Ligand SMILES: O=c1[nH]c(=O)c2[nH]c(=O)[nH]c2[nH]1
């Protein structure tokens, strides 16, 4: 019996990088959590304890910080592409790299009706994400870009039903034609290409389509809502090939106030945190190109 090394990657996870542009009095802030990973032939490090091929994760960290200054962060996607390409160039044994970025949004603090120049407040729980995967080097190098968001918490207090479902001997769920529907949405969309796309504007536009579709679509199930949101995004953005969702159904149960002689006509709920339905779906163009390595090692998607 032989024992061999299987797939592997290594890098520095969760570099917390804050880049402030302070060339004028009106500062700009970008607040990132950056993870790097190198893939390739690093077998000597694993099987022989030989580090000759290994660019330390410490150096990867330093590179991530240095490029935040040298390349800048015009968008998380462009920064991640530059960093992934730089790492592959720097490491002869690397066949590819993946850079994952989460961005935390800061808003200017309103003072006297205007956003302050250099004071900011963190926006909610929502996080912008990107995953850039580079494979190969030189001419034939491939590059995949995913953009996305996590923890976009939304709720509709009516306009949602769930009925007509399959029933068996363990089914106790009551059918409903009026319920609260809430989720903390994770969505990631894959660009077929980003040529000519302003990725900051595109992020805002996709987010806005997701929100308006959630708000205005009558929902017969979270599944139907996800499909509607995905279709709307693909219709509005020709350069997006597919979008994947992971959506916990954050159940809101009518609280039984009848026990106290108090009427509850869909007005008081127990917001249960566990368990939750987990609804996941991909919405894709039927002629989308192959995703290649775009989703490799991206957790939480079907
Ligand atoms: O939108 C829903 N989809 C389901 O599949 C499901 N299952 C369930 O119990 N409640 C819901 N709600």
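Selection of the range 142-176 for residues being within 13 Å of the ligand (Cβ to nearest atom), closer than 17 Å to residue 225 by Cβ and surrounded by 10 or more Cβ atoms within 10 Å (Cβ to Cβ) yields 156, 159, 160, 161, 162, 163, 176.
Counting only residues that are touching a residue at least 12 places away in the same chain (Cβ under 8 Å) and not in a strand (DSSP E or B), the range 125-142 holds 3 of them.
Condition check ((1) surrounded by 14 or more Cβ atoms within 10 Å (Cβ to Cβ); (2) at pLDDT 95 or above; (3) in a loop (DSSP other than H, G, I, E, B); (4) within 16 Å of the ligand (Cβ to nearest atom)) across all residues:
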| residue | (1), (2), (3), (4) |
| --- | --- |
| 197 | yes, yes, yes, no |
| 210 | yes, yes, no, no |
| 213 | yes, yes, no, yes |
| 227 | yes, yes, no, yes |
| 247 | yes, yes, no, yes |
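Kindly provide the set of residues from the range 249-289 that are part of a loop (DSSP other than H, G, I, E, B) and under 17 Å from residue 234 (Cβ atoms), ordered by number. Lay out the reasoning, then the answer.
So in the range 249-289, the residues part of a loop (DSSP other than H, G, I, E, B) come out as 250-251, 255-257, 261-268, 272-276, 285-289.
Answer for the range 249-289, where residues must be part of a loop (DSSP other than H, G, I, E, B) and under 17 Å from residue 234 (Cβ atoms): 285, 286, 287, 288, 289.
For residues in the range 279-291 being more than 17 Å from residue 148 (Cβ to Cβ) and surrounded by 10 or more Cβ atoms within 10 Å (Cβ to Cβ), which is farthest from the ligand (Cβ to nearest atom)? If we take residues in the range 279-291 being more than 17 Å from residue 148 (Cβ to Cβ) and surrounded by 10 or more Cβ atoms within 10 Å (Cβ to Cβ), then 289 is farthest from the ligand (Cβ to nearest atom). Among the numbered conditions (1) closer than 19 Å to residue 200 by Cα; (2) at pLDDT 95 or above; (3) surrounded by 13 or more Cβ atoms within 10 Å (Cβ to Cβ), the only one that residue 69 does not meet is (3).
The values are calculated or read from the model by the stated rules, or taken from the named source; none is laboratory data. Just so it is clear, the structure is predicted and the values come from calculations on it, not from any experiment. We place every Cβ from the backbone using ideal geometry, glycine too, and count neighbours over all the protein chains shown.
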